[in-house]
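Visitor: Right, I'll just put the structure down here and ask away after.
The values are calculated or read from the model by the stated rules, or taken from the named source; none is laboratory data. Predicted, not measured: the structure shown is a model, and the values here were computed from it. Every residue, glycine as well, gets a Cβ built from its backbone with ideal geometry; the counts of neighbours run over all protein chains shown. Note: accessible area is taken over every heavy atom of the protein model, side chains too, but ligands, DNA and RNA are not part of it. Shrake-Rupley method; radii C 1.70, N 1.55, O 1.52, S 1.80 Å.
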Amino acid sequence: MRLIGSDGEQMGIVSSEEALKIADAQGLDLVKISPQANPPVCKLMNYGKFRFEQSKREKEARKNQRVVEVKEIRMSPGIDIGDFNTKLKNAQKFIADGNRVKVSVRFRGREMAHTDIGRALLDKFAEQCAETASLDKGAKLEGRMMSIFLSPKTGK
């Protein structure tokens, strides 16, 4: 096996018994770095310290990770301009925070005969958000709900 010292220098190709003796003499652990290599590569290191630093790096990576949520905004086809603008502001705030937004229109009773009103409403909503968000999925009717998906624009 190829042996690498604790400070990163190459110690050459040695037998596994000899590598274990060297590790024992230095008070370090013998860790296989890449067992698939020919010959396998091993390194002398303090394994406990290595695992601690690795877990620390993973925690830091998890802390910096951002979970993208899907926020939903519901409207009805008969929504007035004031309520529409309020919903629009909320959606733009969600998008600015980096979340995806599902905008849906719920049809009740005879409103199902006028799905074109809901489609126009969703198109208008998407048009108003065009500068900060891109349309993922166009207006699609599922049962009594018609919805679109907006996601934040990348490449700012």
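Visitor: Collect the residues in the stretch 89-112 that are open to solvent by less than 80 Å² (accessible area, probe 1.4 Å) and either more than 26 Å from V67 (Cβ to Cβ) or touching a Cys at 6+ places or on another chain (Cβ under 9 Å) (or both), keeping them in residue-number order.
Guide: Step one: list which residues in the stretch 89-112 are open to solvent by less than 80 Å² (accessible area, probe 1.4 Å), which gives 90-92, 94-95, 98-105, 107, 109, 111-112.
Selection gives A91, Q92, I95, V101, V103, V105, F107, G109, E111, M112.
Visitor: Looking only at the stretch 125-147, how many residues end up being touching a residue at least 24 places away in the same chain (Cβ under 8 Å), open to solvent by less than 60 Å² (accessible area, probe 1.4 Å) and not aliphatic (A, V, I, L, M)?
Guide: 4
Visitor: To continue, here is another question. So which residues in the stretch 13-40 are part of a helix (DSSP H, G or I), farther than 10 Å from L3 by Cβ and among the charged types (D, E, K, R)? Write out each step before concluding.
Guide: Looking only at the stretch 13-40, we keep the residues that are part of a helix (DSSP H, G or I), and these are 16-26.
Then drop every residue that is not farther than 10 Å from L3 by Cβ, which leaves 17, 20-21, 24-26.
Once the filter is applied, which keeps residues that are part of a helix (DSSP H, G or I), farther than 10 Å from L3 by Cβ and among the charged types (D, E, K, R), the stretch 13-40 yields E17, K21, D24.
Visitor: Kindly list the number of the only condition in (1) in contact with a Ser or Thr (Cβ under 8 Å, 6 or more places away or on another chain); (2) free of Cβ contacts under 8 Å to residues at least 24 places away in the same chain; (3) of a type in the set (D, E, K, R) that fails for R110.
Guide: Failed condition: (1).
Visitor: Would you pick out the residues in the stretch 48-74 that are in contact with a helix residue (DSSP H, G or I) (Cβ under 6 Å, 6 or more places away or on another chain) and charged (D, E, K, R)?
Guide: Just the residues of the stretch 48-74 that are in contact with a helix residue (DSSP H, G or I) (Cβ under 6 Å, 6 or more places away or on another chain), to begin with: 71, 73.
Across the stretch 48-74, the qualifying residue is only K71.
Visitor: Return the only residue of L122, L150 being open to solvent by less than 80 Å² (accessible area, probe 1.4 Å), under 16 Å from E69 (Cα atoms) and of a type in the set (A, V, I, L, M, F, W, C). Explain how you work it out, then say what you get.
Guide: On the way: L122 fails: under 16 Å from E69 (Cα atoms).
One residue alone meets the criteria, L150.
For (1) among the hydrophobic types (A, V, I, L, M, F, W, C); (2) crowded, with 16+ Cβ neighbours inside 10 Å; (3) in contact (Cβ under 8 Å) with a residue 40 or more places away in the chain, each residue gets a yes or a no:
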site: E9; (1), (2), (3): no, no, no
site: G12; (1), (2), (3): no, no, no
site: S16; (1), (2), (3): no, no, no
site: A23; (1), (2), (3): yes, yes, no
site: Q26; (1), (2), (3): no, no, no
site: Q36; (1), (2), (3): no, no, no
site: L44; (1), (2), (3): yes, yes, yes
site: F52; (1), (2), (3): yes, no, no
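Visitor: For K89, all conditions in the list (1) more than 31 Å from the chain's Cα centre (by Cα); (2) under 14 Å from F125 (Cα atoms); (3) charged (D, E, K, R) hold save one; what is the number of the exception?
Guide: Failing condition for K89: (1).
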